[in-house]
Amino acid sequence: MKKEFAVIGLGRFGGSICQTLSDQGMEVLAIDMDEDKVNQYANIASHAVVGDTTDEMVLKSLGIRNFDHVIVAIGDNIQASILTTIILKELGVKKITVKAQNDYHEKVLSKIGADKIVHPERDMGKRIANNIISNSVLDYLELSDEHSIIEVIANSRMAGYSLIELDIRAKYGINIVAIKREKEIIVSPQASELIQEGDILIIIGADSDIDRFQTKLY
Ligand code: ADP
């Protein structure tokens, strides 16, 4: 059965989530208290309704507890975001993802039991900053405070060597989980795989080990 999503708050963030889920063929209920926003998404989401989600009756009447995943993307109004999340929890929604505006907001959300808290501005800022400082880093995803996945371009110093010859796992404690080579993607490459200049290496590991790898090999 198709998963059903509800997106509350159709600003830039919520709107983008709603659009992407819809593009992927998901069932999406879009909710906002602003009628103009709702009209904007009327032809994109499966259903779009006007409603103030700090009102429990509104959420009840939409049958919100039957949705598989509810995304709270209320922006600046932190109070409304918190109250909406509490009501969703009380109504027994299975999975709630909430956008946090700041650390205080995040702390409260985690106390009241939001399943996933996202910080799009902060995370995107970190990602972009990391891409800016390093010429070799193409993309970056923080897994925890100390672990990341990064995409780097293989340079001439690595080219022609196999993974085992470079001994990356033992030397640096990091793992190359995939190699992108033009249109091809080699998932879990063999130790004998020869690296070519221009390959995109997808690496997972502790930040300190990734740093060491970059300083030594770049
Ligand atoms: P962004 O930073 O992602 O653009 P905004 O603050 O612009 O976020 O958008 C948040 C959206 O959430 C707005 O469209 C606003 O009307 C909506 N919103 C705010 N409070 C409520 C509420 N209590 N119920 C429903 N929608 C709300």
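The values are calculated or read from the model by the stated rules, or taken from the named source; none is laboratory data. Because the structure is a prediction, the values reported are computed rather than measured. With ideal geometry, Cβ positions are generated from the backbone for all residues, glycine too; neighbour counts draw on all protein chains shown.
What residue, among those in region 124-164 that are within 16 Å of Gly205 (Cα to Cα) and of a type in the set (S, T, N, Q), is surrounded by the most Cβ atoms within 10 Å (Cβ to Cβ)?
Taking the candidates together, the pick is Ser148.
Pairs please, first residue from region 130-154 and modelled with pLDDT of 80 or more, second anywhere and part of a loop (DSSP other than H, G, I, E, B) and β-branched (Val, Ile, Thr), Cβ atoms under 8 Å, 6+ apart in sequence or on different chains.
Ala154/Ile195
Contact list please: Cβ distance under 9 Å, first residue in region 1-16 and farther than 23 Å from Glu121 by Cβ, second residue more than 6 Å from the ligand (Cβ to nearest atom) and of a type in the set (Asp, Glu), pairs at least six apart or on different chains.
Lys2/Glu27; Lys3/Glu27; Lys3/Asp68; Glu4/Glu27; Glu4/Asp68
Suppose we keep only residues that are of a type in the set (Ser, Thr, Tyr) and in a strand (DSSP E or B) within region 123-156. Which one would you say is nearest to Gly92 (Cα to Cα)?
Ser148
Consider Ile31 carefully, then state whether it is without any contact (Cβ under 8 Å) to a residue 60 or more places away in the chain, within 10 Å of the ligand (Cβ to nearest atom) and part of a strand (DSSP E or B).
For Ile31, the condition - without any contact (Cβ under 8 Å) to a residue 60 or more places away in the chain, within 10 Å of the ligand (Cβ to nearest atom) and part of a strand (DSSP E or B) - is met.
Specify which of the listed residues (Ile87, Ile74) is in a helix (DSSP H, G or I) and at pLDDT 95 or above.
Ile87
Looking at this structure, is Leu109 touching a strand residue (DSSP E or B) at 6+ places or on another chain (Cβ under 7 Å), in the same structural domain as Leu21 (by TED's automatic domain parsing) and in a helix (DSSP H, G or I)?
yes
Looking at Ala159, is it farther than 12 Å from Ser136 by Cα and part of a loop (DSSP other than H, G, I, E, B)?
Yes, satisfied.
Here are some conditions: (1) more than 11 Å from the ligand (Cβ to nearest atom); (2) within 30 Å of Asp207 (Cβ to Cβ). Met57 meets all but one. Which one does it not meet?
If we test Met57 against (1) more than 11 Å from the ligand (Cβ to nearest atom); (2) within 30 Å of Asp207 (Cβ to Cβ), just (2) comes out false.
For Lys37, state whether it is more than 9 Å from the ligand (Cβ to nearest atom), of a type outside the set (A, V, I, L, M, F, W, C) and not in a strand (DSSP E or B).
no
Hey, can you tell me all the residues within region 78-115 that are surrounded by 14 or more Cβ atoms within 10 Å (Cβ to Cβ), within 12 Å of the ligand (Cβ to nearest atom) and more than 22 Å from the chain's Cα centre (by Cα)?
Within region 78-115, Ala80, Leu83, Ile87 meet the criteria.
State all residues of region 112-122 that are part of a helix (DSSP H, G or I) and not charged (D, E, K, R); if no residue qualifies, say none.
Within region 112-122, Pro120 is the sole residue that qualifies.
Would you mention how many residues in region 61-96 are closer than 18 Å to Ala30 by Cβ and not hydrophobic (A, V, I, L, M, F, W, C)?
Summing the residues that are closer than 18 Å to Ala30 by Cβ and not hydrophobic (A, V, I, L, M, F, W, C) in region 61-96 gives 12.
Given the residues Ile195, Ile185, which is the only one that is in the same structural domain as Tyr140 (by TED's automatic domain parsing), of a type in the set (Val, Ile, Thr) and without any contact (Cβ under 8 Å) to a residue 12 or more places away in the chain?
Going through Ile195, Ile185 in turn, just one is in the same structural domain as Tyr140 (by TED's automatic domain parsing), of a type in the set (Val, Ile, Thr) and without any contact (Cβ under 8 Å) to a residue 12 or more places away in the chain: Ile185.
Taking region 1-28, which residues are crowded, with 21+ Cβ neighbours inside 10 Å and more than 9 Å from the ligand (Cβ to nearest atom)?
If the condition is that a residue be crowded, with 21+ Cβ neighbours inside 10 Å and more than 9 Å from the ligand (Cβ to nearest atom), then Phe5, Ala6, Val7, Ile17, Cys18, Leu21, Val28 are the ones that fit.
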